[in-house]
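The values are calculated or read from the model by the stated rules, or taken from the named source; none is laboratory data. Just so it is clear, the structure is predicted and the values come from calculations on it, not from any experiment. Glycine also receives a Cβ, built like all others from the backbone with ideal geometry; neighbour counts cover every protein chain displayed. Each accessible area value is taken on the protein alone, full model and side chains, heavy atoms only, with ligands, DNA and RNA left out. Shrake-Rupley method; radii C 1.70, N 1.55, O 1.52, S 1.80 Å.
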Amino acid sequence: MKRTDLRNVAIIAHVDHGKTTLVDGLLRQSGTFRANEQVAERVMDSFDLERERGITILSKNTGITYKGVRINIVDTPGHADFSGEVERIMTMVDGCLLIVDAAEGPMAQTKFVLRKAMEAGLKPVVVINKIDRPDRRIAEVEDEVLDLFIELGADEDQLDYPVLYASARKGVATYRLEEEGKDLQPIFDTILERIPCPEGDPDAPLQAMVTSLDYDEYVGRVAIARVRQGTVRAGQQVAVAKLDGSVAKFRAAQLFGFHGLKRVPVEVATVGDIIAMTGLEDVNIGETITDPENPQPLPPIKVDEPTLQMTFRTNDSPFAGQEGKYVTSRHLRARLFKELERNVALRVEETDSPDVFIVSGRGELHLSILIETMRREGYELAVSKPKVIYRYDEAGNRLEPLEELIIDVPEEYMGAVMEALGIRKAEMTNMVNHGNGNVRLEFIIPARGLVGFRSEFLTMTRGYGVMHHMFHGYGPYRGEIPTRQRGSLVASETGTATQYALYQIQERGTLFIEPGTEVYVGMVVGENSRGQDMDVNVCKTKHLTNIRAAGADEKLLLDPPRKLTLEEALEQIADDELVEITPKSIRLRKQYLD
Ligand code: GDP
């Protein structure tokens, strides 16, 4: 059966290239919303953290009806740390909508996700967006897109992609630049014409792979899946072919399709439909919903192995439990194991201590997002310094995880960035000068070289740099990376300011120094004026987020204190320290060793 009434398309774009604005426009113009109904919330980024970090963590589905054809648009997560998810999404769709900013051109994220789409053999439609920008460079950007397709090994069919020109902001698109657009109809029509219809046998045994999970207070776990073959009705018995090879049977309580941003109940789903299903108690991502009489699991999708691990533990400091809602090891355990259900690249291991868990994931950002999410939910915990996971080849040589790193920076910061990356054992593999003041640099870098790099990079490029990375593979260990030195306050020649600062550290655990105050850095010796052991102070001075490497007796100007971010804490943490995470603060402290 050919589903001429259905198209499934993934939407791919670098952050800020206009994905959300375009989907908003498509929703409005398809009449999926009634005239008096507002698109209350911006379509895709509903999760706070995603909006702040400008990345999409969980993929979302939007359903539009146009000329009697249902178009399911599946958003792709922008960050490469969740690459297993990108690959799963590619199995749900038959084509992709590639959105590229008319001034910026294809960026790192465009490349990473497009590569997955090409590998999955999807048919692309290219939309050059923001053609209303005064600094647009449409012809060049089109060339860059073509270069990218060639670089990614697109086949003839994929190279024959249509290009449309759009201003998502104005809600218009055209086939030719000279034309004046009046609506987004060219995009709708191109999707119908160029994205293949789903095909399959509706009478074959049911097969649908669970690509994501959701939770609903009332109905429990909701599985999102695309029907590969067969047909399923609400209320019918289905089997779930589990990843461990077993088969469990459930009743598919309810089925939903996507209408706009809402889920609407449907009675039956068949070949190509993307559905949400309730009633499957312990279904997991990657498992197949199949025929109970004739279970036929789909091949499982490969998920990249974790490359970085940290210990998560209950906060055992004397002040523990004052700021968090969830503080016990039971809370922590339950939350981590729940996370495993939908965060497929994550691993959680228990240890001899019920308070300590080893959590492994796909890089620093992957773990940071989990920590930050838990913090916002009211958890209080402590985490150790992240460590990369090594492997060994047959000869016993150490291998380490390497990442592909793509950086876009204004030319003037290129030297500084290359130097900083050199220290971190990165090897440059490509450099493109776009001639518009920006340079793209590509590297292969040890994963450990990236720990803490993001905040250093943003400071170094004054916020103008953009970086993205993706797992490359394991390779020979590249040798030690020197750790950044930290200065610490000197207590000997204490002027009043330093005295006062130390007092504050002691009393409040945080150092407040007026902007412009000078303090000396160097090794701290002895005890402070109140006879307290200075070691504690040395540790706590790390609350200063801008302490850089400095020699003894060197003067350091400190900026006004500000809160430590998780990235900064992870960058500064030493082996014998923990980062204490509470809903109110993030701070470093010495580990209380038994
Ligand atoms: P996303 O991160 O890909 O979802 O991008 P958004 O849709 O959030 O858009 C990022 C920014 O670009 C927002 O400030 C939009 O208003 C702006 N934007 C989106 N489309 C256009 C366009 O066609 N022209 C111009 N000038 N700006 C646009």
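Name the residue, out of ARG398, ARG376, ARG391, that is open to solvent by 20 Å² or more (accessible area, probe 1.4 Å) and either under 18 Å from the mean Cα position of the chain (by Cα) or closer than 22 Å to LYS111 by Cβ (or both). Walk me through it before giving the result.
Working: ARG398 fails: either under 18 Å from the mean Cα position of the chain (by Cα) or closer than 22 Å to LYS111 by Cβ (or both); ARG391 fails: either under 18 Å from the mean Cα position of the chain (by Cα) or closer than 22 Å to LYS111 by Cβ (or both).
The match here is ARG376.
The set of residues in the stretch 167-188 that are within 16 Å of the ligand (Cβ to nearest atom) and either open to solvent by less than 10 Å² (accessible area, probe 1.4 Å) or touching a helix residue (DSSP H, G or I) at 6+ places or on another chain (Cβ under 7 Å) (or both) comprises SER167, ALA168, ARG169, GLY171, ALA173, THR174, LEU177, ASP183, LEU184, ILE187.
Each row is one residue, and each column tells you yes or no for (1) open to solvent by less than 30 Å² (accessible area, probe 1.4 Å); (2) farther than 30 Å from MET374 by Cα; (3) at pLDDT below 85; (4) within 15 Å of the ligand (Cβ to nearest atom).
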position	(1), (2), (3), (4)
THR32	yes, yes, yes, no
VAL43	yes, no, yes, yes
LEU49	yes, no, yes, yes
THR65	no, yes, no, no
GLY95	yes, yes, no, no
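Of all residues in the stretch 326-371, which are polar (S, T, N, Q) and surrounded by fewer than 19 Cβ atoms within 10 Å (Cβ to Cβ)? Break it down into steps so the answer makes sense when it comes.
Narrowing the stretch 326-371 to residues polar (S, T, N, Q): 328-329, 343, 351, 353, 360, 368.
Listed by number, the residues that qualify are THR328, SER329, THR351, SER353.
Note on the stretch 565-585: residues that are under 16 Å from ARG376 (Cβ atoms), open to solvent by 20 Å² or more (accessible area, probe 1.4 Å) and of a type outside the set (Gly, Ala, Ser) total 4.
Candidates in the stretch 104-131 are the residues that are of a type in the set (A, V, I, L, M), within 14 Å of the ligand (Cβ to nearest atom) and open to solvent by 10 Å² or more (accessible area, probe 1.4 Å); of these, the one that is modelled with the lowest pLDDT is MET107.
Can you say whether LEU164 is modelled with pLDDT of 95 or more, closer than 21 Å to PRO106 by Cβ, within 16 Å of the ligand (Cβ to nearest atom) and not in a loop (DSSP other than H, G, I, E, B), as far as the supplied structure shows?
So LEU164 fits the description; yes.
State all residues of the stretch 133-145 that are under 17 Å from ALA13 (Cβ atoms) and open to solvent by 30 Å² or more (accessible area, probe 1.4 Å); if no residue qualifies, say none.
Taking the stretch 133-145 and keeping what is under 17 Å from ALA13 (Cβ atoms), we get 133, 136, 138, 141-142, 144-145.
Answer for the stretch 133-145, where residues must be under 17 Å from ALA13 (Cβ atoms) and open to solvent by 30 Å² or more (accessible area, probe 1.4 Å): ARG133, ARG136, GLU142, GLU144.
Note on the stretch 3-19: residues that are open to solvent by 10 Å² or more (accessible area, probe 1.4 Å) and either within 16 Å of PHE188 (Cβ to Cβ) or more than 14 Å from the ligand (Cβ to nearest atom) (or both) amount to 4.
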